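This report concerns only the one structure given below.
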Amino acid sequence: MLLKDFLEQMKNKKEITANSKTHKYMTKLANEAMKLTNKLNNKYNNPKKVQKIFFKLIGKPLDKTFCLFPPFYTDCGKNITVGNNVFINSSCHFQDQGKITIGNNVLIGHNVVIATLNHNQNPSHRASILPSPVEIKDNVWIGSNATILPGVIIDEGAIIAAGAVVTKNVKKNTIVGGNPAKIIKEIKENE
């Protein structure tokens, strides 16, 4: 299997059967990601070196405004797209097989988890995987320890409160918090 075939299959959102060719390819990508995140996380790297390792991890160059504070964890890496002027704080966990898209001017706090996979609810098929993308649009701020679940779209200007568990789409210019996350406040653009 080639990476482009894998990414196309993830885009289809179809169930990935346990022990299938695609599932085995996911394991191969996970091992590659572990090697690169080990380089990223287990010694000091200056900001340019952090960018270089992260760019290699995701398989594409990013704008020089990108900033990441390690450690950073992913079990794929190849299905992450990042806009300009993005900051990812330390100890974030991205499960990106289903695709994570991050817009411009996004701030992601410490220890944020972004998941794009679920397992089949049927116990006899539990090891099968269901991919669903996460999209984070421009000017979003995600607070520390938030969890973003598969299939969620966070619209422009939204704020995710620290510790929130986001289970459904978040509207533009709103603040959400809690478990499951609910609207706390609407943001007035002139405030």
Enter the Cα centre distance for the pair region 80-133 and region 158-187, rounded to the nearest angstrom.
17
When the label point is put 7 Å from the Cα of residue 84 along its Cα-to-beta-carbon vector, which residues of region 41-73 have a backbone N closer than 18 Å?
61-68
Considering the options 134, 110, 74, tell which one lies farthest towards the positive end of the dipole of the chain, charges being +1 on Lys and Arg and -1 on Asp and Glu at the Cβ, about the Cα centre.
74
Are there DSSP H segments in the chain that both extend 15 Å or more along their axis (alpha-carbon positions) and score a mean Kyte-Doolittle hydropathy of at least -0.5? List them, or say none.
47-58
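Expressed in nm², what is the orientationally averaged projection area of the convex hull enclosing the Cα positions of region 5-53?
About 4.4 nm², averaged over all directions.
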Förster radius 45 Å - calculated FRET efficiency between residue 31 and residue 179 (Cβ-Cβ, nearest 0.05):
0.85
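Enter the per residue convex hull volume of the chain, computed from alpha-carbon coordinates, in Å³ rounded to the nearest integer.
114
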Using a Förster distance of 35 Å, how high is the FRET efficiency between residue 132 and residue 65, based on the Cβ-Cβ distance and rounded to 0.05?
0.75
Rounded to the nearest 20 debye, dipole of region 87-163 from Cβ charges on Lys, Arg, Asp, Glu
260
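Which net charge results for the neighbourhood of residue 103, defined as the other residues with beta-carbon distances under 11 angstrom from its beta-carbon, given Lys and Arg at +1 and Asp and Glu at -1?
After counting each charged neighbour, the total is -3.
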Would you calculate, for the chain, the mean residue ellipticity at 222 nm contributed by helices, counting each DSSP H stretch of 4 or more residues as -39,500 (n - 2.57) and dividing by all residues, to the nearest 500?
-7000 deg cm²/dmol
Name the long-range amide H neighbours of residue 84: under 5 Å, sequence gap of 5 or more, or other chain; modelled H, no Pro or chain starts.
104, 105
For the chain, give the magnitude of the charge dipole about the Cα centre (Cβ charges: +1 Lys/Arg, -1 Asp/Glu; no others), in debye to the nearest 20.
640
Accessible area per residue, Å², region 47-114 with all protein chains present, probe 1.4 Å
41
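The values are calculated or read from the model by the stated rules, or taken from the named source; none is laboratory data. Model, not experiment: these values are computed from the prediction. As a convention, Cβ positions derive from the backbone with ideal geometry for all residues, glycine included, and neighbour counts pool all protein chains shown. For accessibility, only protein heavy atoms count, side chains too; no ligands or nucleic acids. Shrake-Rupley method; radii C 1.70, N 1.55, O 1.52, S 1.80 Å.
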